[in-house]
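Asker: A single structure is presented below for examination.
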Number of protein chains: 2
Amino acid sequence: MTMDPFGKIAIIGLGLIGSSIAHAARRGILAREIVGFDASADVRTRAATLGFCDAVAEDSGSAVADAELVVLCVPVGACGPVAQAIAPYLKTGAILSDVGSVKCAVIRDMAPHVPAGVHFIPAHPIAGTEFSGPEAGFASLFDNRWAILTPLPGADPGAVARLKGFWQGLGSQVDAMDATHHDLVLAITSHLPHLIAYNIVGTAHDLETVTEGEVIKYSAGGFRDFTRIAASDPTMWRDVFLNNKDAVMEVLGRFNEDLAVLQRAIRNGDGDKLYEFFTRTRAIRRAIIDMGQESAAPNFGRDQN
Amino acid sequence: MTMDPFGKIAIIGLGLIGSSIAHAARRGILAREIVGFDASADVRTRAATLGFCDAVAEDSGSAVADAELVVLCVPVGACGPVAQAIAPYLKTGAILSDVGSVKCAVIRDMAPHVPAGVHFIPAHPIAGTEFSGPEAGFASLFDNRWAILTPLPGADPGAVARLKGFWQGLGSQVDAMDATHHDLVLAITSHLPHLIAYNIVGTAHDLETVTEGEVIKYSAGGFRDFTRIAASDPTMWRDVFLNNKDAVMEVLGRFNEDLAVLQRAIRNGDGDKLYEFFTRTRAIRRAIIDMGQESAAPNFGRDQN
């Protein structure tokens, strides 16, 4: 499926996601002009050298001026201030979107600043790597991953369809749901996994009885899997947990309850309960592989030798 | 480094690890004859068809008769009964070893059955995949991974050196430590990660407010990483937790304490504490990659599109 390209699009924030959108938009010929901006002068310089945008603007206002699509690719906590800063420069009829991992807080923070005549349609691509910065982006990041739109009640159907076409052009499959449900779904599929991964890496780091050298050497027993997402961008993840507190607390409560049951089964030597628990978790991985969201190769197909 | 090959070696248990030892021993010309046995007639038939052993015996006694090295590749809970069954057939001077993920319990269960003149040297290769069974094995599984020997006090140095040479021949780096320390090290690097992974997959499975279809579709946000080790063999892992209770309880207690601190930081909106916590976990992954125990490629180098 092809879409009419946008005229100018503006990408605010040129890290992993912003730079990947630029690469993929160029690959898909989704815009006639791609202009980028980043709050960091150093990132702007690196992005200009990398050349994935047609131009890197020196301020956010000139980046978004005349843009038909503006995508904020900044940490969730920065979305409100950035929306406020760019609001006077947005063109009437433009689509304003974002890529934040939390949607209710982004809507709360951005919506008050959106001028009349601008179509604000929040979005979230479920894609990424553990790397950060403008050098980390690549054109295929969104291929076959899901992007979720959370349009507000009364959103313009034509603008929603246009943004959907853009994400499809980037390679994604696209779903829509309300922001509250999005935040709960992502709390279990993304936010809790990151919290748990950060936590176990921290626990291993702090043990006095096992050295860090031992943890590192023998990490192939399972620990190393957790270090990948625990290497993700700290600012992004701080903002996620500050802005999706209720949903994270809910799924974390369930996780703790379930862990207490497993802990008791171990304490009591209840082999039948452990076996039953460890058996039913295989089917989910198979389904994820069948959905094209995971590699079927052993050890993720790693080549580390 | 090359070693004089063993004469006959016997591999008891022909799943992922046993079949991989056979493949790697053949590759390295580490034995003149490789005889396998498995308690399951079906596995024996499949192993014979696959052909990674020179012969598949119909009973454990004839498998180990005249063998210079016998390696038990069975779940930890089966090590005692298997040792008892094969004891009368072990050749004087033979090395008896295992590959169990827990060492104190294996020593407790096996040592009473070891005949005088047989060298019992427990071992544990820190290597594996999420797949099980004789079809899952491959020759390079142990390449550049660590194998830990836990010789008992007074173990024969020549026999220990011979087993070390065997594991080096299989591709491993080899360390030695006492069994108690091994069990604590593995509790944090392997057993707790598996418990947490099984648990979070179970929590996601049981949530009423998010469908399993949603968990599967949006798993690329982090959740899918956990499903790999949660797809591991349930019998093996039941036995690990039944047999390393104290060490697992200790590291699980620390994990829970640390998680309570993170939970409180989220509840209180303490962004500085979250940022600090999320920052210090990156260095461990870098060290694991530098040690050759992990892929440096984004997303483990997965190719799932």
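The values are calculated or read from the model by the stated rules, or taken from the named source; none is laboratory data. Being a predicted model, the structure only gives us computed values, none of them experimental. All Cβ positions, even for glycine, are placed from backbone atoms using ideal geometry, and neighbour counts span all protein chains on display.
Asker: Quick one: which of B:F241, B:F226 is buried (at least 16 other Cβ atoms within 10 Å of the Cβ), touching an Asp or Glu at 6+ places or on another chain (Cβ under 8 Å) and within 7 Å of chain A (Cβ to nearest Cβ)?
Answerer: The conditions single out B:F226.
Asker: So, in the range A:27-39, exactly how many residues are of a type in the set (D, E, K, R), closer than 23 Å to A:V82 by Cα and in a strand (DSSP E or B)?
Answerer: Looking only at that region, the number is 1.
Asker: Okay, next question. If you check B:H181, B:H194, which single one turns out to be within 25 Å of A:T203 (Cβ to Cβ) and out of contact with any helix residue (DSSP H, G or I) (no Cβ under 8 Å at 6 or more places or on another chain)?
Answerer: B:H181
Asker: A:P122 fails exactly one of the following numbered conditions: (1) touching a Lys or Arg at 6+ places or on another chain (Cβ under 8 Å); (2) within 12 Å of chain B (Cβ to nearest Cβ). What is the number of that condition?
Answerer: (2)
Asker: How about the range B:139-159: which of its residues are surrounded by 17 or more Cβ atoms within 10 Å (Cβ to Cβ), more than 22 Å from A:D303 (Cα to Cα) and over 13 Å from the mean Cα position of the chain (by Cα)?
Answerer: Across the range B:139-159, the qualifying residues are B:T150, B:P151, B:A155, B:A159.
Asker: Among the residues of the range B:232-277, what is the count of those that are within 30 Å of B:V74 (Cβ to Cβ), of a type outside the set (A, V, I, L, M) and in contact with a Pro (Cβ under 7 Å, 6 or more places away or on another chain)?
Answerer: Residues meeting the conditions: 2.
One line per residue, one yes/no per condition, for (1) part of a helix (DSSP H, G or I); (2) more than 9 Å from every other protein chain (Cβ to nearest Cβ); (3) under 28 Å from B:A230 (Cα atoms); (4) free of Cβ contacts under 8 Å to residues at least 12 places away in the same chain:
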position	(1), (2), (3), (4)
A:G154	no, yes, no, yes
A:T189	yes, no, yes, no
A:P193	yes, no, yes, no
A:Y198	yes, no, yes, no
A:V201	yes, no, yes, no
A:T209	no, no, yes, yes
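Asker: Ok, one more. Do you know which of the residues in the range B:90-119 that are within 22 Å of B:S19 (Cβ to Cβ) and among the polar types (S, T, N, Q) is nearest to the other protein chains (Cβ to nearest Cβ)?
Answerer: B:S101
Asker: Return yes or no: is B:A116 surrounded by 17 or more Cβ atoms within 10 Å (Cβ to Cβ) and not assigned by TED's automatic domain parsing to the domain that holds B:D225?
Answerer: Answer is no for this residue.
Asker: Out of everything in the range A:211-240 that is in a loop (DSSP other than H, G, I, E, B) and among the polar types (S, T, N, Q), what residue ends up being farthest from the chain's Cα centre (by Cα)?
Answerer: A:T211
Asker: Follow-up. Tell me, please, whether a residue that is within 14 Å of chain B (Cβ to nearest Cβ), of a type in the set (A, V, I, L, M, F, W, C) and farther than 24 Å from A:F37 by Cα can be found in the range A:137-146.
Answerer: Scanning the range A:137-146 turns up at least one residue that is within 14 Å of chain B (Cβ to nearest Cβ), of a type in the set (A, V, I, L, M, F, W, C) and farther than 24 Å from A:F37 by Cα.
Asker: Output the residues belonging to the range B:128-165 that are closer than 15 Å to B:S190 by Cβ and hydrophobic (A, V, I, L, M, F, W, C).
Answerer: Hits for the range B:128-165 are B:W146, B:A147, B:I148.
Asker: I'd like the residue in the range A:21-37 that is touching a Ser or Thr at 6+ places or on another chain (Cβ under 9 Å) and surrounded by 16 or more Cβ atoms within 10 Å (Cβ to Cβ) and, out of all such residues, is farthest from A:C53 (Cα to Cα).
Answerer: A:G28
Asker: Report yes if B:A111 is modelled with pLDDT of 95 or more and more than 25 Å from B:D183 (Cα to Cα), otherwise no.
Answerer: no
Asker: Quick check on B:F142: is it at pLDDT 95 or above, farther than 27 Å from B:A48 by Cβ and aromatic (F, W, Y)?
Answerer: no
Asker: Looking at A:A287 and the list (1) surrounded by fewer than 24 Cβ atoms within 10 Å (Cβ to Cβ); (2) of a type in the set (G, A, S); (3) at pLDDT 95 or above, which single condition is not satisfied?
Answerer: (3)
Asker: Between residues in the range A:58-80 that are more than 12 Å from A:I12 (Cβ to Cβ) and residues that are assigned to a loop (DSSP other than H, G, I, E, B), which pairs lie under 6 Å by C-beta distance while being six or more apart or on different chains?
Answerer: A:D66/A:K91; A:E68/A:A94; A:V76/A:G100; A:V76/A:V102
Asker: When the residues of the range B:269-284 are filtered to those that are surrounded by 17 or more Cβ atoms within 10 Å (Cβ to Cβ), under 32 Å from the mean Cα position of the chain (by Cα) and among the hydrophobic types (A, V, I, L, M, F, W, C), which remaining residue is nearest to the other protein chains (Cβ to nearest Cβ)?
Answerer: B:F278
Asker: Restricting attention to the range B:48-72, and to residues there that are closer than 16 Å to B:I17 by Cα and out of contact with any strand residue (DSSP E or B) (no Cβ under 6 Å at 6 or more places or on another chain), which single residue is surrounded by the most Cβ atoms within 10 Å (Cβ to Cβ)?
Answerer: Filtering the range B:48-72 for residues that are closer than 16 Å to B:I17 by Cα and out of contact with any strand residue (DSSP E or B) (no Cβ under 6 Å at 6 or more places or on another chain), the one surrounded by the most Cβ atoms within 10 Å (Cβ to Cβ) comes out as B:F52.
Asker: Residues to consider are A:A24, A:A47; find the one that is closer than 16 Å to A:L163 by Cα, touching a residue at least 24 places away in the same chain (Cβ under 8 Å) and in a helix (DSSP H, G or I).
Answerer: A:A24
Asker: Looking at this structure, is B:R302 closer than 24 Å to B:N144 by Cα, facing chain A (nearest Cβ under 7 Å) and free of Cβ contacts under 8 Å to residues at least 60 places away in the same chain?
Answerer: In short, yes.
Asker: Take the residues in the range A:156-187 that are in contact (Cβ under 8 Å) with a residue 40 or more places away in the chain and in a loop (DSSP other than H, G, I, E, B); name whichever of them is farthest from the other protein chains (Cβ to nearest Cβ).
Answerer: Ranking the qualifying residues of the range A:156-187, first place goes to A:L170.
Asker: Out of curiosity, is A:I266 facing another protein chain (nearest Cβ under 8 Å), over 26 Å from the mean Cα position of the chain (by Cα) and at pLDDT 95 or above?
Answerer: When the stated conditions are applied, A:I266 passes them.
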